[in-house]
Amino acid sequence: MNKAVTDGLALMPPAFEFGLDVWSSEDGTSGSATYDGAANAALVSADADFGGCLELVKNDTETKLRYMGETPLLPGMYLRITARVKAISGNLPSVRIAGWAGNASNAHVSGLTEIGSEVALSSYGEVVEVSAIVGSGTRGGVDMPWGLTPIYGHFGIDLTGSNGGTVRIDDIVIEDVSSFFLRDSTGIIDVRDYGAIGDGVSDDAAAFDAANDAANGRTVLVPEGTYYLGSTTTFNTDVRFDGTVTMPSGARLVLRNNFELNSYKDAFGDEVEGLKRGIQALFNFTDHESLDLCGRRVELTEPLDIAAITGKSTLEVRRLLKNGQLNAESSSAWDTEEVTSTASYSANNQRELTNVANIANIQVGSLVTGNGVGREVYVRAVDVATETVTLNQPLYGANSTQSYTFKRFKYILDFSGMSKCSQFQLFQLEFLCDGHCSAVMLPPSGNNFRIADCAIKSPKDRGVTSIGGGCQDLHIDRTAFVSNEQSWPVVDRTSIAFNINANDGKIRDNRFQRFGHTGIIYGNGHLITGNHWFQGDNETASPRSAGLVFTYANAKSIITGNYIDNAFIEMTNEHDAEPDFGSEYAFGGLTITGNIFTVNDSTTDFAFIVVTPYGTDHYIQGLSVQNNVFKSLNGKIDRIEKVDTTFADLDYSLMRNVTFAGNTFNGIDQNTINPCSLEFTQDTAATNWVLDPSGYLPFGGWARVVESLVVRNGLTNAYGNDVFATPYATVNYGAESNQVRLTFPEPVQGKIQMVARVDRPL
């Protein structure tokens, strides 16, 4: 046993070189005098034997040196304090280990032995090592038995004997040597000695509690048999299970000293039941923040319903499930359940369906589909009494009464039964869905849910699903998502890696492989950085699907440093009950910088950035596309951006703050640049020149602004004479409003460098 390792206790004092303000010349208690600046103490940086050390002149009959930090001393714990000392000059003193015992009230515990054996220094330069052991028990080899009352000590040395000598002291070492004393006893107590029967019927909970109380650091043995525990049972020491236990669903087994899956598997004789019981204990405050699966692969035939397992509706403290595999085996429990019902909807009550038929059969967490329903709309709550379903998102175009389909996918980890769960983390877990089920359903509300260093493989329908606000400040980091539809053509895929309904998602350094969509993202304040998502197929001249879909028009988000492969970024407002533009923000608030965009074997009308208004009168305000690389292989595409006018077009007269700059184009027929600097040549003298920058302007927008005009090599009239004249510019010119007309006071010819914009900067 080593408490510094098992309990994370800090035992070692700092080296002297880090300062003498924590080294006392008295008892080491707060406020006692220190050697910082003392006349009889000095730091030596390069002693031949010690390296850095403390040089001390003995001035007092008992010259003390105590570390002022409170070195912990737990029941059953034994510490060895060691010091190396040598005399340098003057009288030769004696040296001993010493300490000061403190209790829980920070008071001195009197009546204890607080000094070790003295060792006399007999010659100069000779290194002498002194040590002593302090601990709770009166054991052979224990110099200072302190019992259970002291909980910490201030440790160091005393110099005794004649004054006037100078000594050097190496850094003091304090180490846990409790393991030295285990050989003095078997170290194991048996629950049967405290009344346990093990017949599977008699309630052995009291006997288990008594064994735990008597263990005092020893291992508790649960021998062969079946032990029924009728109430929550806690062990504060290691437990070895040769037999197994059974418990009611509401009772918990708390293994505080060996809190990991192997122990729970041994306790309950089954790895699935052990995992459930471990999760139950994790949620109910076991003094542990994480449950380690110990690298085990757990075979599951049904979802892990977290609310049912734990009996908890809320969790607001950090908890972590880590280090293992969760494998879904073939079972009907994974089958999607589907219900079709009629319901009423009103834009005045945007997130509710009312008068829902057959409502008792509709489950929380069901995907909702139907006319006017956007992507990733889920049932957040069901009220059977009022026949009302609460949705995670509004509907953009539903009829007042119509039919809806409710599909309840099944998930390996399902948090939907909780009302709120915050700060939960999944770390180094592999979800082996094998096409049977989905991976993780988040709780309806909560924040800071994190999935890190995981792998989600072959989910049948979804990777990570949010049915409400449990995705607020969602973190997905360094996780691999592998679709179950990899061999399917893009147009046939329906799977989605993740969705977000709230704000401030952090999606970083992940890999998403051939899903229907990578992410459906509502809200704003999202950071999408360092990911690679690819959605191509093995077809030729094949359509592609959106990778990221932002369904909140003004996303206020950043997409930076990603590898975006055979997929596009789409901006929509499909989660808006009144999709025509009103008083909300326009499309935009999106920064797309430093990404790699690539596509191959696609149709020519593919574009990497697509805006899809679901209502009229929308425009773009605040879109920055800079320093990206765009590349098409095995065929060119027309351009990198477009508007999908399936529902409506944009109002190009209102475009604001749109920047396309510093990008690289390969295999793209038409570069997109805004502001756009172009050179135009007029070969024949004319009063009106019509300049056409439209091909370069984003989204087929208007030529709204001319920022500058520079004449190149001078203007001449029809006779070759120089003309010094300034034109005026007419913007939004032509049938499509995407040209600029320059009007001169007389017919001229020559070259003009023009900078035009599709937008007004302010």
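Points worth noting:
- Count of region 87-126 residues, restricted to those that are surrounded by fewer than 22 Cβ atoms within 10 Å (Cβ to Cβ), outside any loop (DSSP other than H, G, I, E, B) and within 54 Å of the chain's Cα centre (by Cα), is 3.
- Taking region 556-606 as the range and being more than 30 Å from residue 540 (Cα to Cα) and assigned to a strand (DSSP E or B) as the test, the residues that pass are 556, 557, 558, 587, 588, 589, 590, 591.
- Residue among 622, 635 that is under 29 Å from residue 568 (Cα atoms), assigned to a loop (DSSP other than H, G, I, E, B) and not assigned by TED's automatic domain parsing to the domain that holds residue 396: 635
- Among residues of region 753-762, those that are surrounded by fewer than 19 Cβ atoms within 10 Å (Cβ to Cβ), at pLDDT 95 or above and either over 30 Å from residue 699 (Cα atoms) or not polar (S, T, N, Q) (or both), counted: 1
- Taken over region 284-311, the residue count meeting the criterion of being buried (at least 17 other Cβ atoms within 10 Å of the Cβ) and modelled with pLDDT under 95 is 2.
- For region 311-351, a tally of residues being small (Gly, Ala, Ser) and part of a loop (DSSP other than H, G, I, E, B) returns 5.
- In region 718-741, residue nearest to the chain's Cα centre (by Cα) [restricted to those that are surrounded by 16 or more Cβ atoms within 10 Å (Cβ to Cβ) and either over 13 Å from residue 707 (Cα atoms) or modelled with pLDDT under 95 (or both)]: 738
- Residue that is in a strand (DSSP E or B), surrounded by 14 or more Cβ atoms within 10 Å (Cβ to Cβ), among the β-branched types (Val, Ile, Thr) and in the same structural domain as residue 598 (by TED's automatic domain parsing), where the choices are 706, 658, 711, 690: 658
- In the set (1) surrounded by 15 or more Cβ atoms within 10 Å (Cβ to Cβ); (2) part of a strand (DSSP E or B), the condition left unmet by residue 237 is number (2).
- Pick from region 417-474, criterion small (Gly, Ala, Ser) and within 13 Å of residue 328 (Cβ to Cβ), ranking: surrounded by the most Cβ atoms within 10 Å (Cβ to Cβ): 439
- Options 217, 141: the member that is modelled with pLDDT under 95, of a type outside the set (Asp, Glu), closer than 27 Å to residue 62 by Cα and part of a loop (DSSP other than H, G, I, E, B): 141
- Residue match in region 407-424 (condition: touching a residue at least 12 places away in the same chain (Cβ under 8 Å), under 14 Å from residue 344 (Cβ atoms) and assigned to a strand (DSSP E or B)): no
- Members of region 373-405 that are among the aromatic types (Phe, Trp, Tyr), over 15 Å from residue 466 (Cα atoms) and part of a strand (DSSP E or B): 404
- For region 157-180, the set of residues classified as touching a Phe, Trp or Tyr at 6+ places or on another chain (Cβ under 8 Å) and not in a loop (DSSP other than H, G, I, E, B) consists of 168, 169, 174, 176, 178, 180, listed by residue number.
- Residues located in region 36-81, provided they are touching a Pro at 6+ places or on another chain (Cβ under 8 Å) and surrounded by fewer than 21 Cβ atoms within 10 Å (Cβ to Cβ): 69
- Note on region 72-88: residues that are out of contact with any helix residue (DSSP H, G or I) (no Cβ under 9 Å at 6 or more places or on another chain) and at pLDDT 95 or above amount to 8.
- Applying a threshold of 8 Å to beta carbon distances and a minimum spacing of six or more residues, or different chains, the list of pairs starting in region 219-247 at a residue that is within 12 Å of residue 205 (Cα to Cα) and free of Cβ contacts under 8 Å to residues at least 60 places away in the same chain and ending at one that is among the basic types (Lys, Arg) and part of a loop (DSSP other than H, G, I, E, B) reads 232/252; 233/252; 234/256; 235/256.
- Of all residues in region 344-355, those satisfying the criterion of being touching a residue at least 40 places away in the same chain (Cβ under 8 Å) and not hydroxyl-bearing (Ser, Thr, Tyr) are 347, 350, 351, 353, 355.
The values are calculated or read from the model by the stated rules, or taken from the named source; none is laboratory data. Only a predicted model underlies this, so the values are computations on that prediction, with no experimental measurement involved. Reconstructed Cβ throughout: ideal geometry from the backbone, glycine too, with neighbour counts over all protein chains shown.
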